[in-house]
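For reference, the structure is listed below as structure tokens.
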Amino acid sequence: MGAAGIEHGIGEILQGNVRPGGLMILSWPEAAFFRVVSGEPAMTVIPNMLVTGTLALLLSAAYAVCAIGFPHRKGGPLAMMLLALGMLLFGGGLFPPVLALLLGLAARRIRAPKSWWARERRTGLRRLFGRAWGWIFALCALAWLALFPGLNLLDYALGVESPGLTVTIIVAALGTLALAVVSAYAHDAPGTL
């Protein structure tokens, strides 16, 4: 999500020292590569695209560092959520900051006891999810790569633009993300493996 916010910021920086038309903006309004995603919508409370893009880039890079290096530390998940809010307000896109916020919420449970899975009577289900964690995570990563840059590449290079395909990939990305979180909890629950 940090990388997606950085991509938004670069598009805004390239627009230069101009005033946006309102609260809602497009990060890449004229770029053919981003046509399939409607120019990458975002929002900003700053009346300058260059400043907005710079803040989006910095906040998104900070989010990526925090999400990779500190989600398990005290204050790490809160920092992730605050940075996600900053990404939303300052040009980091719409979808990436919302997901970044949800990931921060999930990170709050990293060190928490996995009591639900520990009490789960169907240990077979817990073991299945716990053992499948790596595969589910790999599928999740592939689904997100299919979303971006996959959809953009299909449209730009091959002219493939299908709303049904887009919705299918979005559902797959969100569904596998939810499964990855659940299976990670199952993997970490006592007595699973």
Report task. Specify which of the listed residues (Ala180, Ala184, Ala189) is over 21 Å from the mean Cα position of the chain (by Cα), aliphatic (A, V, I, L, M), at pLDDT below 95 and not assigned by TED's automatic domain parsing to the domain that holds Pro77. Result -> Ala189
Query raised in the report: If the Cβ limit is 7 Å and pairs must be 6+ apart or interchain, which residue in segment 9-37 that is at positive phi pairs with which residue that is surrounded by fewer than 20 Cβ atoms within 10 Å (Cβ to Cβ) and in a helix (DSSP H, G or I)?
Result: Gly16/Leu50
Report summary line: Sole miss for Ala56 among (1) surrounded by fewer than 21 Cβ atoms within 10 Å (Cβ to Cβ); (2) touching a residue at least 40 places away in the same chain (Cβ under 8 Å) is condition (1)
Query - Criterion (outside the structural domain of Val65 (by TED's automatic domain parsing) and either at pLDDT 85 or above or touching a helix residue (DSSP H, G or I) at 6+ places or on another chain (Cβ under 6 Å) (or both)) met by exactly one of Leu105, Leu128 - result: Leu128
Report summary line: Checked segment 1-55 for anything under 19 Å from Asp155 (Cβ atoms), in a strand (DSSP E or B) and under 17 Å from the mean Cα position of the chain (by Cα); matches are Pro41
Requested in this report: Being surrounded by fewer than 19 Cβ atoms within 10 Å (Cβ to Cβ) and out of contact with any Leu (no Cβ under 8 Å at 6 or more places or on another chain) is the filter here, so list the residues in segment 11-27 that pass it.
Outcome: Leu14, Arg19, Gly21, Gly22, Leu23, Met24
Query - Criterion (surrounded by 15 or more Cβ atoms within 10 Å (Cβ to Cβ) and not in a helix (DSSP H, G or I)) met by exactly one of Pro77, Pro97, Pro71 - result: Pro71
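The values are calculated or read from the model by the stated rules, or taken from the named source; none is laboratory data. Quick caveat: nothing in here was measured; it's all calculated off a predicted structure. For neighbour counting, all protein chains shown are included, and Cβ atoms are generated from backbone atoms with ideal geometry for every residue, glycine included.
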